[in-house]
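The values are calculated or read from the model by the stated rules, or taken from the named source; none is laboratory data. The structure displayed is predicted, hence computed values, not measured ones. Here the Cβ positions follow ideal geometry from the backbone for every residue, glycine too, while neighbour counts run over all protein chains shown. What goes into the accessible areas is simple: the full protein's heavy atoms, side chains included, and nothing from ligands, DNA or RNA. Shrake-Rupley method; radii C 1.70, N 1.55, O 1.52, S 1.80 Å.
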Amino acid sequence: MFLVFSLCVLYALYGILVFFEDYIPSNHRKLIYWGTCALLIIMAGTREVGLDPDSANYEYTFFNPYGDNALDSVEFTFIIIAQAFNSITDDVHSLFLVYALLGVGLKFVAFRKYSDSWLLIVFMYISFYYGLHETCQIRAGVLSACMLMAVPCIADGKRWMALLWIIIGSCFHMSGIILLPLLFLGNKPLGRKWKLTLALSVLFSFAFAGLNLGLDFASEIPYIGNKIAVYREIEEKGTMGMASLNIFGPLHLMMVMIFYYLLYYADVLTEKFRYFPIMLKILAAALISYAVFSFIPVIGERMGSMYRAIIIVLVPAVIYTLQPKWCGVIILLLITFILINFSLRDMYGVTFFLPEVK
């Protein structure tokens with residue numbers, strides 16, 4: 001449980017540090033920033049096998065890269081990396097370190113593109129998505145890093161570069177195709193129509209999910225409809241291993257509340273954050289896809305979770321919604337405290353106060 005202890009200590013230190021970020025000299029901030037990056041890579045790369053839900057499966061595939069169904073469950077990049085390292089070592093941590101270097105390293109490169117408040121973004125990152133993507137879903141961790149690299153490219157009109165990042169990410173997680181719709185988003189300040197559309201779309205997604213309209217609509221889509229029907233049949237037989245998504249679960253509802261809070265302050269935050277409009281649209285897409293595809297949990301969870309990774313760079317914007325600034329930091333501290341409890345409980349079975357609900 002060394003990783004859990006280290007993560008809690010790091011979270012506590014950052015919980016103090018973020019109050020003083022504006023007063024830390026730039027060269028010292030860079031040292032803290034990249035030092036934290038290195039520490040997080042080491043923590044994820046050297047974690048105990050079996051600590052998280054997925055590491056044991058990754059270890060098995062590491063030693064059996066050409067085993068039964070390996071190519072059906074992981075990408076060719078995983079096979080190549082596993083084969084390269086298991087020929088020189090019998091330690092799966094070599095694989096973990098490669099994925100941590102890519103997932104954490106690329107994210108730290110991306111973070112600096114979004115805001116000058118680097119430490120606030122890192123604080124948000126370690127509270128939730130670090131545990132989920134870098135110490136559990138390591139392939140998705142690389143994909144989410146590529147998504148965070150792609151978003152500024154989309155906002156700046158460099159869509160071919162963004163597409164390249166999505167393709168790279170897809171080589172590490174086959175679900176990267178779900179990021180393609182992001183290429184059609186823009187970053188213009190949100191007008192009244194856009195605000196109303198986003199607000200109503202998230203609200204209506206609950207009604208859409210409640211009426212179970214998605215299944216009838218999706219079943220009519222050529223090819224995809226057949227795939228969804230298969231997923232649905234597997235789920236109904238209880239063999240998929242994933243419980244139905246709860247659109248009224250506390251985590252999803254908290255994200256909805258954060259979305260509407262940020263939408264209310266959209267004009268103010270657009271002035272502070274260059275990419276705020278497109279980030280808010282992506283969060284809306286996360287909430288909508290989670291609800292609309294809740295009838296197929298494996299799809300709703302995958303799309304919602306990947307799009308929702310934008311909260312790493314978006315939610316720190318709350319610090320600019322209250323004056324003085326430290327009041328906004330306290331709100332962020334509250335959000336991250338709730339999130340790290342979700343992360344510790346779901347990834348490692350450790351919790352401070354959360355009940356056994358999702």
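The residues of the chain present an accessible area of 46 Å² per residue when probed at 1.4 Å with all protein chains retained. Net charge in the neighbourhood of Glu59 (other residues with Cβ under 13 Å of its Cβ; Lys, Arg +1, Asp, Glu -1) is -4. In the distance distribution for segment 30-171, Cα-Cα pairs more than 28 Å apart total 21 percent. Only Cα pairs under 8 Å and 6+ residues apart enter the sum, and on that basis the relative contact order of the chain stands at 19 percent. Projecting the Cα atoms of Phe63, Phe208, Gly328 onto the dipole axis of the chain, where Lys and Arg carry +1 and Asp and Glu carry -1 at the beta carbon, places Gly328 farthest toward the positive end. Placing unit charges on the Cβ atoms of the charged side chains and taking the dipole of segment 36-120 about its Cα centre, the candidate lying farthest along the positive direction among Cys37, Val49, Val92 is Cys37. Taking only protein heavy atoms and a 1.4 Å probe, the accessible area of the chain is 66% carbon and sulfur. In terms of overall dimensions, the chain has a Cα radius of gyration and Dmax of 20.1, 59 angstrom. Only the Cβ atoms of Lys and Arg (+1) and of Asp and Glu (-1) were treated as charged; on that basis the dipole of the chain about its Cα centre amounts to roughly 1420 debye.
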